[in-house]
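Notes to accompany the following structure.
All of the numbers you see were taken from the coordinates with simple rules; none came from a lab. All values derive from a computational prediction rather than experimental measurement. Note: ideal-geometry Cβ built from the backbone for every residue, glycine included; neighbour counts use all protein chains shown.
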Amino acid sequence: MAEIDIYAALKKFFGFTRFKGLQEEVVKSILNGSNTFVVMPTGGGKSLCYQLPALMQEGTAIVVSPLIALMKNQVDALRALSSEEGIAHVLNSSLNKTEVRKVKSDIENGITKLLYVAPESLIKEEYVNFLQIQKISFMAIDEAHCISEWGHDFRPEYRNLKSIIQRIGNDIPIIGLTATATPKVQEDILKNLNMQDANTFKASFNRPNLYYEIRPKTKNIDSDIIRFVKQNEGKSGIIYCLSRKRVEELAQTLQVNGIKAVPYHAGLDGKTRVKHQDMFLMEDVDVVVATIAFGMGIDKPDVRFVIHNDIPKSIESYYQETGRAGRDGGEGHCLAFYSYKDIEKLEKFMSGKPVAEQEIGHALLQEVVAFAETSMSRRKFILHYFGEEFDNETGEGGMMDDNMRHPKKKHEAKEDAKQLLEIVFKTNEQYKSKEIVNVLVGKVNALIKSHRTDSQEYFGSGAKHDAPYWMALLRQLLVAGYLKKDIETYGVIHLTDSGKKFIKSPISFMMTEDHSFKDANDDVIVGAKKGGDAADENLFKLLKAELKKVAHDLDLPPFVIFQEPSLEDMALKYPVTMEELSNVHGVGEGKAKKYGKSFLKLIQDYVEENDIIRPEDFVVKSTGSNSSLKLY
């Protein structure tokens, strides 16, 4: 297709006179009928890459997306481009028979250029049979990282897509699109969609207009947030919280302090959600306080700040959520509040899970710890995580974070770096970062003992520095490329060729010390103890009352049924099935079956009424990257 046609179509359909970044090459690849894989960060104009070729070609393009709200937004936007209402349709379970008939009729008559489908709808036999006999221009898989178990948002229904596509038509070009994919995930997507031959386009993950900042989370977090929002008066912002309860509380606190804010989460009825979203889009309010878990269909280009009340559970989540700021190219401020106690709480959630999942989950959380506590460039850290190198001196946005604006002093660490690399070599590259640090400071654990490393002359040879110092140095050696991490074995550290060379002939290595957040966190609200050791005091009180009642009915001493540590563990893990209850500290299968029924009922009701995020809701799928990119 002639180049002039592409530009004419771009102008005709979207009103743009030029393409952004890699868009033009991607559009040409799709128009040529090639399998195409696009990795493009939020705000890069990903959807235009498949919308334009679909509008230019004969037949209907099928777009698979898990985000119902965003599908609706895109269909509305596409309908606005054409006088023909049927130019784009959504096909999902909410449609009645008449509406489905209308969609089918528009496709048969060549009116519909884009059909948006949720993966679970696409697998329906009725739709597969119908689409088999239609002219399909191509199949676009949006949010393609959902197909990978190594991705931060794995969805099993995405795994069926390959066989469904083959049934609809073997020769249909496939377009995979994602905004957040580490090298490991990218490889997985190509394999799972059987499109290793795809033309691959990777835009830079750098968002030079975003400023990254981490602050310690203290008991004054409400005041800190209010102060920040008031300093940005009249600007649009999103504040993310983990729980709906916190969303409601914070939205109310902001309102009381004269800030126009609304809550937004899945627990609100549809009408209220739409109203609050519209108020934000129409700028009747400045701030939306929302749950991270809820996939918001908010595509507002002029969001000037994103605040994380709770640190996200993965770097991918952080990147995706902060990516909602500054989509118009203007500056966006990304502020996250960090407390190590939040991390500890999330780690406790994972006990009782399969060992492999615990290992991956721990690795994922440690990545977030590394990001929060590092004193190196946050941009460099994020881009390295996604497999992209960045130079702060020459790269765009190099000074756009707290660590670069307020740098910590550097010191020469050539000898320490050599010592650490030698320890990795001497211990046969079999330990993870934590064990390597333990070997240096002389701290014994079961694994070190089993390898008899504690009896070696080098054990404890780095005791002149503390563990946080060595951990900071190890992270910086990873980023510098002297070490790499094997994610398949949950983070075992290996030397790279550069690392081996460094041992033989060391060169200057300037190190910056990490931030220490632990001392500042004694007064942190999250998980604070109020008279007991239970994470959720209210639930703990209810469980105690239930225990008293059951004990009275059975004429048994309460401790015979469940002891306090068991109740405390229930108030931390929120078990809602027999199996989960039997994994609670001090319970076991027998007690769970014998006494557990009423306790489970109580916890189930409590979780539902208070909209609790349970450990089981905290599903860890992956650290999501290849071995060399992990930084802790």
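How long is the gain from K230 to E429 if the chain were fully straight, where each residue apart is worth 0.36 nm and the alpha carbon distance is subtracted?
Computed gain between K230 and E429 is 66.5 nm.
Please compute the contact order of the chain in relative form: average sequence separation of alpha-carbon pairs under 8 Å and at least six residues apart, divided by the residue count, as a percent. Walk me through the numbers before you get to the answer.
Values: 1076 pairs, mean separation 88.2, N = 632.
Answer for the chain is 14 percent.
What is the local net charge at E85, summed over the other residues whose Cβ is closer than 13 Å to its Cβ (Lys, Arg +1; Asp, Glu -1)? Show your work: numbers first, answer last.
Numbers: positive: R79, K102, K113; negative: D76, E84, E99, D106.
Summing Lys/Arg as +1 and Asp/Glu as -1 gives -1.
Can you figure out the FRET efficiency of T253 with M282, using R₀ = 25 Å and their beta-carbon distance, to the nearest 0.05? Before the final figure, lay out each step's value.
Numbers: r = 23 Å, r/R0 = 0.93.
Step by step, r from the Cβ atoms, then E = 0.60.
Positive end of the dipole of the chain, charges at C-beta (+1 Lys, Arg; -1 Asp, Glu), about the Cα centre: which of A181, F381, I62 has its Cα farthest in that direction?
Most positive-ward Cα: F381.
Can you show me the helix-derived [θ] at 222 nm for the chain, built from DSSP H runs with n ≥ 4 at -39,500 (n - 2.57) apiece and divided by the number of residues, rounded to the nearest 500. Show your work: numbers first, answer last.
Details: 27 runs with 279 residues, N = 632.
Calculated mean residue ellipticity at 222 nm is -13000 deg cm²/dmol.
Between K20 and I507, what is the spin-label point distance in nm, taking each point 7 Å from the Cα along the Cα→C-beta axis?
3.9
In segment 1-87, what GluC sites (Glu not before Pro) fall in a loop by DSSP, with at most 10 other Cβ atoms inside 10 Å? Can you show the working numbers first?
Working: sites: E3, E24, E25, E58, E84, E85; in loops: E58, E84.
Listed in order of number, the matching sites are E58.
Let me know the Kirkwood hydrodynamic radius for segment 92-151, please, with Cα pairs as the basis and the value in Å to one decimal. Kindly include the intermediate steps, with their values, before the conclusion.
Working: mean 1/r = 0.0769 Å⁻¹.
One decimal place: 13.0 Å for the Kirkwood radius.
Tell me which GluC sites (Glu not before Pro) from segment 359-428 have a DSSP coil assignment and no more than 13 other beta carbons within 10 Å of their own. Let's see the in-between values first.
Working: sites: E359, E367, E373, E388, E389, E393, E396, E412, E415, E422; in loops: E388, E389, E393, E396.
Qualifying residues, ordered by number: E389, E393, E396.
Among M71, M376, which comes first, second and so on when ranked by fewest other beta-carbon atoms within 10 Å? Mind showing how you got there, number by number?
Values: M71 23, M376 26.
Least crowded to most crowded, the residues run M71, M376.
So for R227, R327, fewest C-beta neighbours within 10 Å to most, what's the order? Intermediate results must be reported in sequence, preceding the final value.
Working: R227 11, R327 19.
Lowest count first: R227, R327.
Mind giving me the FRET efficiency for D5 and K102? R0 is 30 Å, r the Cβ-Cβ distance, nearest 0.05 is fine.
Working: r = 31 Å, r/R0 = 1.03.
Computed FRET efficiency for D5 and K102: 0.45.
Fewest Cβ neighbours within 10 Å first, please rank F509, F599, F16, F228 accordingly.
Details: F509 21, F599 24, F16 14, F228 17.
By the 10 Å Cβ count, ascending: F16, F228, F509, F599.
Tell me the label only: which of (1) 0.94; (2) 1.00; (3) 1.05 is Cα Rg over 2.2 N^0.38 Å as calculated from this structure?
(3)
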